[in-house]
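Below is one structure, written out as structure tokens, with a few remarks after it.
The values are calculated or read from the model by the stated rules, or taken from the named source; none is laboratory data. The model shown is predicted, which means the values in this text are computed figures rather than measured ones. All Cβ positions, glycine included, derive from the backbone under ideal geometry; neighbour counts span all protein chains shown.
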Amino acid sequence: MPDTKSVNIAVVGGGPGGYAAAFLAADLGMTVTLIDPEANPGGVCLYRGCIPSKALLHVAKLMEESEQAKNWGIEFGAPKVDLARLRSFKENVVKKLTGGLGILSKQRKVHYLQGRAAFENSTTLRVSKTDGSEQSLTFDRIVIATGSRPAIVPTLKLETPRMMDSTGALNLEDIPGSLLVVGGGYIGLELGSVYAALGTRVTVVEMLSGLLPGADRDLVLPLHKRLEKRLEGILLNTTVASVKDEGSAIRATLQAQDGSRQEKVFDRVLVSVGRKPNSEIAGLEKTKVQLGQRGFIQVNKQLQTDDPSIYAIGDVVGEPMLAHKASHEGRVAIEAIAGHKVAFEPSAIPAVVFTDPEVAWCGVTETQAQKENREVKVAKFPWAASGRAITLDQPEGMTKLIFDPQSERVLGAGIVGPGAGELIAECVLAVEMAALASDVAMTIHPHPTLSETIMESAEVLFGTSTDLYRPKRG
Ligand SMILES: Cc1cc2nc3c(=O)[nH]c(=O)nc-3n(C[C@H](O)[C@H](O)[C@H](O)COP(=O)(O)OP(=O)(O)OC[C@H]3O[C@@H](n4cnc5c(N)ncnc54)[C@H](O)[C@@H]3O)c2cc1C
């Protein structure tokens, strides 16, 4: 399809996957219709995910730092929380960003339809618009970007606002006295941290043996230790067997791995046990689109489904369910439609947990290497040896790089500490550019910054880190 000007394209879903796809398609000269139930593009990420949670986590961090300031001779006194103003700060952040996307849509002449799309066939959509009207539209290509929603556990379903998913928790109706967080993944820990900072007694229950399953244990340890101090409890190898609405509270039965049970009462419960793809799109059965494992839409490396005129991107096609993966896939799908030679095959997709401290990783992890019996070399730089970390009074952090043992090519990285989410971007670039340990070690990093810990990790591999005496073994 060389002449993109003649292409008429629909994007179903206005999240970070959908709007990135729609905007690039418009930039390449295609005629684009973007369909989403909200007034402006943004999707889960902007309306009820990444953005509102980060606005609240920013406030939580400030509260915790003002508490920590006691150690530096500064006392601010107990914080007074004006919940209505905090909520409106968060809502204004969302409004500003989604409104901005609305303006960008108009500037690009993207035809934005507020409503829900259903398939009539592989190239025709019926859109039920929010104003109550219906419209049938035919396209050359359709990109599905319908995202995901919180997974529901049938035993934890109660019709009471005391039981919340992430959307309910972000609404910040009140500051409950106590909160049970079911699931020790990133969403539970981030939102649990917000409530803990606001003064709620938070208990986290995780079915597996550690928080953030999937992340390397040495990265999780400093976070676990800090959360142990801040939270009421972290119960590992524990499930919630049942919940009961007692009117003024929720009674939860917690079951440990050995079968022993205990009952606890909470003001609110946040269920954050994962997310499910929105692949049950009306009429999808009238196309050749196939679903694979766990209900994800099956796609090839060009994000094309089993139906040649339909592409799919973002959370609805698989893990990791992250906004930046969705946007990148959106752009690859559009380039593929435009006839460019492209494939979605990144060497590293960063993952960031915006807790305090932050945890971030990319590329090959130690856990993955062990599982795959893959030989790697690992070099770690503890932040206790970083000048910048000491000035921040945050010596518990750590940076590690994972190398191919023969070529010394950087395969992956992991960072725990404040700003890890920003720092990991340099490591993603190193992995994607196939940088060697020597490239990273010889790159001059500004002093005093936490970014030096990446350079010094590479130096650790050679036993020549300036700030750490760790001679090379063997
Ligand atoms: C609390 C929370 C915090 C998060 N924090 C982060 C973070 O810090 N970093 C990060 O990378 N990711 C984060 N995520 C995940 C991130 O939000 C998702 O990975 C991302 O939004 C996926 O983008 P998407 O474009 O695939 O779909 P979505 O953002 O889910 O958007 C899909 C859109 O499609 C619409 N839609 C569905 N069906 C139809 C239909 N039939 N017709 C029209 N429209 C339809 C939906 O209403 C929605 O607006 C977080 C998620 C949550 C819940």
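Observations
- Cβ-Cβ distances below 8 Å connect the following pairs, each with a first residue in the stretch 299-313 that is touching a residue at least 40 places away in the same chain (Cβ under 8 Å), a second residue that is surrounded by fewer than 20 Cβ atoms within 10 Å (Cβ to Cβ) and among the aliphatic types (A, V, I, L, M), and a separation of six or more residues or different chains: 301/343; 302/342; 302/343.
- Here residue 157 does not fit the description of being away from the ligand (no atom under 11 Å from the Cβ) and closer than 30 Å to residue 30 by Cβ.
- Considering only residues in the stretch 134-158 that are modelled with pLDDT under 95 and among the β-branched types (Val, Ile, Thr), the one that is surrounded by the most Cβ atoms within 10 Å (Cβ to Cβ) turns out to be 153.
- Which listed residue is in contact (Cβ under 8 Å) with a residue 12 or more places away in the chain, in a helix (DSSP H, G or I), more than 29 Å from residue 250 (Cβ to Cβ) and of a type in the set (S, T, N, Q), from 128, 105, 136: 105
- Flag for residue 192 being surrounded by 16 or more Cβ atoms within 10 Å (Cβ to Cβ), within 11 Å of the ligand (Cβ to nearest atom) and under 21 Å from residue 207 (Cα atoms): no
- The residue that is nearest to residue 232 (Cα to Cα), among those in the stretch 159-186 that are surrounded by 23 or more Cβ atoms within 10 Å (Cβ to Cβ) and of a type in the set (Val, Ile, Thr), is 181.
To keep it simple, each residue is scored yes or no on (1) of a type in the set (D, E, K, R); (2) near the ligand (Cβ under 9 Å from one of its atoms); (3) within 24 Å of the chain's Cα centre (by Cα); (4) not in a helix (DSSP H, G or I).
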{"site": "22", "(1), (2), (3), (4)": "no, no, yes, no"}
{"site": "26", "(1), (2), (3), (4)": "no, no, no, no"}
{"site": "33", "(1), (2), (3), (4)": "no, no, no, yes"}
{"site": "39", "(1), (2), (3), (4)": "no, no, yes, yes"}
{"site": "47", "(1), (2), (3), (4)": "no, yes, yes, no"}
{"site": "55", "(1), (2), (3), (4)": "no, no, yes, no"}
{"site": "60", "(1), (2), (3), (4)": "no, no, yes, no"}
{"site": "71", "(1), (2), (3), (4)": "no, no, no, no"}
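- Total residues in the stretch 201-223, condition within 27 Å of residue 86 (Cα to Cα) and either free of Cβ contacts under 8 Å to residues at least 40 places away in the same chain or among the basic types (Lys, Arg) (or both): 3
- Residue within the stretch 438-449 that is touching a residue at least 40 places away in the same chain (Cβ under 8 Å) and buried (at least 18 other Cβ atoms within 10 Å of the Cβ) present: no
- Residue in the stretch 200-213 that is over 22 Å from the mean Cα position of the chain (by Cα), over 28 Å from residue 414 (Cβ atoms) and in a helix (DSSP H, G or I) present: no
- Residue in the stretch 86-93 that is under 20 Å from residue 192 (Cβ atoms), assigned to a helix (DSSP H, G or I), modelled with pLDDT of 95 or more and among the aliphatic types (A, V, I, L, M) present: yes
- Residue match in the stretch 264-274 (condition: of a type in the set (D, E, K, R), farther than 29 Å from residue 383 by Cβ, within 20 Å of the chain's Cα centre (by Cα) and in a strand (DSSP E or B)): no
- Scanning the stretch 119-133 for residues that are crowded, with 18+ Cβ neighbours inside 10 Å and not hydroxyl-bearing (Ser, Thr, Tyr) yields 119, 125, 127.
- Only listed residue being in contact (Cβ under 8 Å) with a residue 24 or more places away in the chain, surrounded by 14 or more Cβ atoms within 10 Å (Cβ to Cβ) and closer than 28 Å to residue 279 by Cα, chosen from 59, 44: 44
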